[in-house]
1. Filter the range 35-44 down to the residues that are aliphatic (A, V, I, L, M) and surrounded by fewer than 10 Cβ atoms within 10 Å (Cβ to Cβ) and list them by number.
2. List the number of the failed condition for I17; all other conditions in (1) of a type in the set (A, V, I, L, M); (2) closer than 22 Å to L76 by Cα; (3) modelled with pLDDT of 90 or more hold.
3. State whether one or more residues within the range 8-15 are assigned to a loop (DSSP other than H, G, I, E, B), surrounded by fewer than 12 Cβ atoms within 10 Å (Cβ to Cβ) and on the phi > 0 side of the Ramachandran plot.
4. Write out, first by first residue and then by second, each pair whose Cβ atoms fall under 7 Å of each other, whose residues are 6+ apart or on separate chains, and whose first residue, in the range 33-51, is at positive phi while the second is surrounded by 10 or more Cβ atoms within 10 Å (Cβ to Cβ) and assigned to a helix (DSSP H, G or I).
5. So L26 passes all but one of these: (1) at pLDDT below 90; (2) in a helix (DSSP H, G or I); (3) over 25 Å from G83 (Cα atoms); (4) among the hydrophobic types (A, V, I, L, M, F, W, C). Which condition number does it fail?
6. Go through (1) part of a helix (DSSP H, G or I); (2) modelled with pLDDT of 90 or more; (3) surrounded by 13 or more Cβ atoms within 10 Å (Cβ to Cβ) and name the single condition R73 misses.
7. Run down I36, I62, I49 and say which single residue is touching a His at 6+ places or on another chain (Cβ under 8 Å), among the β-branched types (V, I, T) and assigned to a helix (DSSP H, G or I).
Amino acid sequence: MFSLNTLTPQVRQYLIITGNYWSFTLTDGALRMLVILHFHGLGYSPLEIAMLFLFYEIFGVITNLVGGWLGTRMGLNRTMNIGLALQILAL
């Protein structure tokens, strides 16, 4: 049977980070689709939904800047794990 304990620490860390990134990508994509479907169900036009996503993306840039700053201060792994936990709690 396969065990993570038999891998080198570098490979184990790589697999953990990759799994976290895939989890984030799936949840972020699902969240975007749910938002689109929700606002479509409320009767918003495609242009109005696009404007909402423009607002969303602008704040995404700000969030990435803050996340980069936190990553340099707290470490990338810890920052990513905290962000993933916050996103799971938010869902």
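1. L42, the sole residue that qualifies.
2. Condition (3) is where I17 drops out.
3. The answer is no; no qualifying residue exists.
4. none
5. Every listed condition holds for L26 apart from (3).
6. Here R73 clears every test but (3).
7. I49
One line per residue, one yes/no per condition, for (1) surrounded by 13 or more Cβ atoms within 10 Å (Cβ to Cβ); (2) within 15 Å of the chain's Cα centre (by Cα):
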position	(1), (2)
N5	no, no
S23	yes, yes
R32	no, yes
P46	no, no
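The values are calculated or read from the model by the stated rules, or taken from the named source; none is laboratory data. In this text, all values refer to a predicted model and were calculated from it rather than measured experimentally. We place every Cβ from the backbone using ideal geometry, glycine too, and count neighbours over all the protein chains shown.
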